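See structure below.
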Amino acid sequence: MVAALVYLQFCSWANLLLSQVRRLRHPQYLLGLLAGLAYLGLVFWRPFTARHPEPAAGINPANPPSFLEGGSVEHLAAGGLFLLAAFTWLLPSKRAALDFSEAEIAWLFPAPLPRRMLVHYRLLKTQVGLVFSALIMALVTSAASRGRFVWAMLPGWWILMSALEMHRLAAGFTRTRLLDRGLPNWARRLLVLGVLVAMGSLIWRNLAPHLAGLSLTEPPSLPPWTVAIEDALGNGIVGAILLPFRTLARPLVILASGAGLITLLPALGVLAFLYLWALKSAVGFEDESLDRAERRTRLVQAARTGNWHLAAEQQSEGHAPFPLPPRGLRLLALTWKNLISAQLLLTSPFLIVLGISLLCGLLAFRFTLPEAPFLKFLAALLAGILPMVFILGPELARFDLRQDLPQADLLKTYPLPGWQVVLGELLAPALVLTFIQWLMIGAAVIALPAIGQRGEWSLGTRVSLAAAAMILTPALNLTLLLLHNGTALLFPAWVRPPGNAGSAGSAAAIDAMGQRLLLMLAHLAGLLVALLVPCALGGAVFLLTRLVFAWTIALPLAALVAALALGGQGALALKLLGDRFERMDITD
């Protein structure tokens, strides 16, 4: 029976590879493959072939000075892995279920197979994606470390990614057992939040004495930073909790310096423990997996018949974000449906309440300890993350027209003009992204430190910066979403709707990566062009109003003018995309 399952999976991989080779006959896939290969060559091949300059005198080339020297890399990586594991216990609310296709459920579930065999088969299916991802990460880390490929990095990354997958599986089974024994989701989440708060307080207690003697204006290459990180994350209860995560991260750090493969043995031990945990904690996932497959089938049928109320119920089994009135703006029905489709991850009431509570707690912390070094670190961190959220957010929030493009034939039958269909599809991700970014902007402005003796970051300054950023945020989100959905309408063959991307192998194909790279460059170029006129108008308004008012008043006014200009351009683009949607041939 094991041989039959292996043969089935091998044939699936072979057919997947053959289908990807055959589709290269189409120009869009061939162009994506060429772009992906060119990108890989520039990123990976050049560091391996380039000549590196000789190190300065007194510097060991095998161990250059860095604030990540010593064991600080292990400790930081362990902290990141711990947070990933904590979110696995914090966010999910449903019972454990494994993703099987309808055909696999029809043939494997009635077969005389033990439950462990199905778990093994599911783990086998993930190996293609894990191995490919490990290869990419090995190339990245090898090129960044010494300019030559370190083959030992490949098993290290595979162990780490397999451990994360094993933990996700085992945690799902364990959460289901806790539910069956009467522990509700809210109690489990409170317990996990309590552990996180306790860990944060212990880390801060160990880190605070070191921060008192460090200067935040000096470059982060000084040994005291390494000592502070190792002392905060490697001692006491925190060090004991992070020990398994350090064991998984240590091979990647050690092997990059050319150490032996013996460092993989402890990590393999952790992986074996997670594997046994997943098998021992396996619960009855068949019913939930079958229900998930049936819900997916009913969702497709409901979408094809235009019954969005039934489609939303089958997709999320959650509460509607707001009551949908029988009369009103008809485009809000599309927004309502898309918000429900994103409810599990982004519009969950738990996450909304948690985000607002953290913001209120940060505000109280600011009034209590206004000069705490933690606020300076948080402000710098958010300032670095916010641009990535603005750029990557519209790409990840795909619950819009890109999700419903396969049902374009049904959307065209609705009594809505094309521009209203596009607008209704865009409002849901725009609202979600704007809320998340407003929370981050508020946290960054609250955490901004006072600079100089006069305290330039006064209350008026903070309010002005927050107002300007929050005014621009919705317009920027709509502009980027128009660019993403515009490319979906112009090049529908290059868009993979959520849940329709295929297996891990197809999602990680080089041609798909090349297509995403080309689209990303097109989106960035379109954004730069779209910002020319608003930036010019906003700058002119700022200079003129600065002659009369203080800059704290001129800045929000300039942001408002720039946002209105972006909105005007967006309205024109919305009309053009609506006309394109109405003319689109659904038979292509």
- Query: What full-extension length gain, to one decimal in nm, is calculated for R546 and A106 as 0.36 nm per residue of separation minus the Cα-Cα distance?
  - Reply: 151.4 nm
- Label points 7 Å out from Cα along the Cβ direction at L276 and W204: separation in nm? 3.9 nm
- What is the fewest-to-most order of K412, K125 by other Cβ atoms lying within 10 Å of their Cβ? K412, K125
- Listing L576, L358 from the residue with the fewest other Cβ atoms within 10 Å to the one with the most, what is the order? L358, L576
- Each label point is 7 Å from the Cα along the Cα-to-Cβ direction; what then is the distance between the points at D579 and S19, in nm? 3.8 nm
- May I ask you to compute the full-extension gain from A536 to L324, defined as 0.36 nm times their residue separation minus their alpha-carbon distance, rounded to one decimal in nm? 72.3 nm
- Across the stretch 359-366, in residue order, what do the Karplus-derived ³J(HN,Hα) couplings come to in whole Hz, using 6.51 cos²θ - 1.76 cosθ + 1.60 with θ = phi - 60° and x for Gly and Pro? 5, 5, x, 5, 5, 5, 5, 5
- May I ask you to compute the full-extension gain from L83 to C11, defined as 0.36 nm times their residue separation minus their alpha-carbon distance, rounded to one decimal in nm? 22.2 nm
- Query: If R0 is 35 Å, what FRET efficiency do you get for I356 and E395 from their C-beta distance, rounded to 0.05?
  - Reply: 0.85
- In terms of Cα to Cα distance under 17 Å, which lysines are near enough to K337, apart from those fewer than 8 places away along the same chain? K412
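Taken together, the values in this text are just the output of simple stated rules run on the coordinates, not laboratory data. Remember, it's a predicted structure, so these values are computed and weren't measured experimentally. Note that each Cβ is placed from the backbone with ideal geometry, even for glycine, and that neighbours are counted across all protein chains shown.
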